[in-house]
Amino acid sequence: MRILRIKATVQKTGLTISTLYEKMADGTFPRPVKLGKRAVGWVEHELDEWLAARIADRDQAVIPSKREP
């Protein structure tokens, strides 16, 4: 099991720090694990699952076909 700190989490997801915290507040992003008095980290496999779900959402979206003139 691997724990990623904030910089690695931002790099892995492509989200900004403020967006991570907004998504956590609305329950749409994995919550961090408290590592110390002022340190948190995210479980890497939970981030992988979250990213896989985003990809699945994209793949299930209906993509309008181009109309021929």
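The values are calculated or read from the model by the stated rules, or taken from the named source; none is laboratory data. Values in this document were obtained by computation on a predicted structure and should not be read as measured data. Quick reminder, even Gly has a Cβ in these numbers, built from the backbone with ideal geometry, and neighbours come from all protein chains shown.
Residues that are outside any loop (DSSP other than H, G, I, E, B) and polar (S, T, N, Q) within region 1-46 comprise 9, 11, 13, 18, 19, listed in sequence order.
When 17, 63 are checked against the criterion of being aliphatic (A, V, I, L, M) and modelled with pLDDT under 95, a single residue qualifies: 63. If you go through region 7-46 and keep only what is among the aliphatic types (A, V, I, L, M) and surrounded by 15 or more Cβ atoms within 10 Å (Cβ to Cβ), you end up with 8, 10, 15, 20, 43.
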